[in-house]
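Student: First, the structure itself, so that you have it in front of you.
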Amino acid sequence: MDIRFDGRVAVVTGAGSGLGRSHALFFASRGAKVAVNDLGGGVDGSGQSSKAADLVVQEIKAAGGQAIANYDSVADAKGAQNLIDRTLQAFGQVDILVNNAGILRDKTFAKMALADFEKVVAVHFLGSVYVTKAAWPVMQERLYGRVVMTTSAAGLYGNFGQTNYGAAKLAVVGFMNALKLEGQKFNILVNTIAPVAATRMTEGLLPPQALDRLKPDLVTPAVAYLCSEQCRDSGQVIDAGGGYYARTQLMESPGIRFDPSQPVTPEMLAAQWSRITDMSGARGFAAANEEVMQVFQGLGK
Ligand code: NAI
């Protein structure tokens, strides 16, 4: 069965280069009308230009597709609303939203100015919130939606010099975790991609001999599947890059239980630390209440 997007409208943020460009071109090639958003600034978020988004729109049109360009910053709530308003004016609906726009301002935490922390959080995290906030009522009303967030191994696991980026990237996963529940009855699926690809953002960071095997178009099929009618999953974090596709999940160890009617001391925990932190038999949870039930189960009466 072919995965197609005929009759669908996709909004891709940061679609003027790298991964976003690849996603936008792919959606258009499979029949979607696409809103190509890009501020057109540098990797650090400085400057702006209409060129990046315009070139992608030209490319889509040259191939016979339909697209509009938008140059708003996703980090501005009014700009995010304008992106969705312009998409609605042009195409009448929004079915798919890929929150992809991003910047880097790396420094060790000790040396990082708070302004650089805030800017990175504003683009990656609040940018995803603002655009989703504007698109959400449209999707709710139409009882259809596919939203994809973009996280990073730097957020899921940590990367030296990226406290701002890592925090912002894991924040979108927390955002998804609640949103997947709220989207359920409206047929809105919310998932997250954790990509690895050779783009201007990763220039000089990836092994040069592997660059031609780390093309953004090896990440895009995972985004496309998550945005398809065929997808049934919500709340997944999918790793994609270099032909590798996998799922990441937070897991909790089986843990240990003491009698809750008796005092527990830190010494008792120290004696059991290796068992508490042993991840053999660990499990994940579909929602917070499932995890809280783990606690309740040990309470006896
Ligand atoms: P990129 O720098 O090629 O693309 C990011 C795009 O976002 C740029 O075109 C930029 O102009 C745009 N942008 C930045 N701030 C914006 C704003 N405020 N409003 C609208 N557009 C804005 O980088 P790449 O690699 O394609 O990154 C795409 C996403 O994937 C980012 O969220 C990044 O953090 C994430 N990512 C990328 C990885 C990789 O290996 N390339 C690894 C993990 C995550």
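Student: Kindly indicate whether any position in segment 139-153 is part of a helix (DSSP H, G or I) and under 30 Å from Lys107 (Cβ atoms). Before you say what the answer is, go through the steps one by one.
Tutor: We begin by selecting, within segment 139-153, every residue part of a helix (DSSP H, G or I); these are 139-142, 153.
Going one step further and asking which of them are under 30 Å from Lys107 (Cβ atoms), we end up with 153.
Yes, segment 139-153 contains a residue that is part of a helix (DSSP H, G or I) and under 30 Å from Lys107 (Cβ atoms).
Student: Moving on to the next point. Take segment 92-106 and flag every residue that is open to solvent by less than 40 Å² (accessible area, probe 1.4 Å), assigned to a loop (DSSP other than H, G, I, E, B) and within 16 Å of the ligand (Cβ to nearest atom). Spell out how you get there, then give the answer.
Tutor: Quick first cut of segment 92-106, residues open to solvent by less than 40 Å² (accessible area, probe 1.4 Å) only: 93-104.
Cutting the leftovers down to assigned to a loop (DSSP other than H, G, I, E, B) gives us 93-95, 99-104.
Within segment 92-106, Asn99, Asn100, Ala101, Gly102, Ile103, Leu104 meet the criteria.
Student: Conditions: (1) surrounded by 19 or more Cβ atoms within 10 Å (Cβ to Cβ); (2) in contact with an Asp or Glu (Cβ under 9 Å, 6 or more places away or on another chain). Thr151 meets all but one. Number of the miss?
Tutor: (2)
Student: Here's something else I'd like to know. For segment 23-46, which positions are open to solvent by less than 20 Å² (accessible area, probe 1.4 Å) and more than 8 Å from the ligand (Cβ to nearest atom)?
Tutor: Within segment 23-46, His23, Ala24, Phe27, Ala28, Ala32, Val34, Ala35, Val36 qualify.
Student: What is the residue count in segment 47-91 for residues that are surrounded by fewer than 16 Cβ atoms within 10 Å (Cβ to Cβ), of a type in the set (A, V, I, L, M) and in contact with a strand residue (DSSP E or B) (Cβ under 8 Å, 6 or more places away or on another chain)?
Tutor: Residues meeting the conditions: 1.
Student: Scan segment 4-50 for residues that are within 15 Å of Gln66 (Cα to Cα), in a loop (DSSP other than H, G, I, E, B) and in contact with a Gly (Cβ under 6 Å, 6 or more places away or on another chain) and report the count.
Tutor: 3
Student: Then there is this: Given the structure, is Val173 within 16 Å of the ligand (Cβ to nearest atom), of a type outside the set (S, T, N, Q) and under 12 Å from the mean Cα position of the chain (by Cα)?
Tutor: yes
Quick grid of which residues meet (1) at pLDDT below 95; (2) of a type in the set (A, V, I, L, M); (3) over 16 Å from the mean Cα position of the chain (by Cα):
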residue	(1), (2), (3)
Glu203	yes, no, yes
Ala210	yes, yes, yes
Cys231	no, no, yes
Phe258	no, no, yes
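Student: Let me ask another. What is the residue count in segment 107-125 for residues that are open to solvent by 60 Å² or more (accessible area, probe 1.4 Å) and under 23 Å from the mean Cα position of the chain (by Cα)? If you could, list the steps in order and put the result at the bottom.
Tutor: So the first thing to find is which residues in segment 107-125 are open to solvent by 60 Å² or more (accessible area, probe 1.4 Å), and the list is 107, 109-111, 114-115, 118-119.
Going one step further and asking which of them are under 23 Å from the mean Cα position of the chain (by Cα), we end up with 107, 115, 118-119.
The total comes to 4.
Student: Looking at segment 191-301, what helices (runs of 4 or more DSSP H) fall wholly within it and have at least 2 residues that are in contact (Cβ under 8 Å) with a residue 24 or more places away in the chain and open to solvent by less than 90 Å² (accessible area, probe 1.4 Å)? Let's see the steps before the verdict.
Tutor: Working: elements: 220-226, 266-276, 288-297.
Result: 220-226, 288-297.
Student: Filter segment 156-168 down to residues that are more than 12 Å from Phe117 (Cα to Cα) and crowded, with 24+ Cβ neighbours inside 10 Å, then give me how many there are. Before you say what the answer is, go through the steps one by one.
Tutor: Kept after step one, since they are more than 12 Å from Phe117 (Cα to Cα), are these residues of segment 156-168: 156-160.
Going one step further and asking which of them are crowded, with 24+ Cβ neighbours inside 10 Å, we end up with none.
Qualifying residue count, segment 156-168: 0.
Student: I've got another one for you. Could you go through segment 67-75 and let me know if any residue there is within 13 Å of the ligand (Cβ to nearest atom) and under 25 Å from Arg4 (Cα atoms). Steps first, please.
Tutor: Filtering segment 67-75 for residues within 13 Å of the ligand (Cβ to nearest atom) gives 69-75.
With under 25 Å from Arg4 (Cα atoms) added as a condition, the list becomes 69-70.
Within segment 67-75 (the criterion being within 13 Å of the ligand (Cβ to nearest atom) and under 25 Å from Arg4 (Cα atoms)), the answer is yes, since at least one residue qualifies.
The values are calculated or read from the model by the stated rules, or taken from the named source; none is laboratory data. Worth saying up front: this structure is predicted, and the values here are computed from it rather than measured. Using ideal geometry, Cβ is built from the backbone for each residue, glycine included, and neighbour counts are taken over all protein chains shown. These area figures cover heavy atoms from the full protein model, side chains too; ligands, DNA and RNA do not enter into them. Shrake-Rupley method; radii C 1.70, N 1.55, O 1.52, S 1.80 Å.
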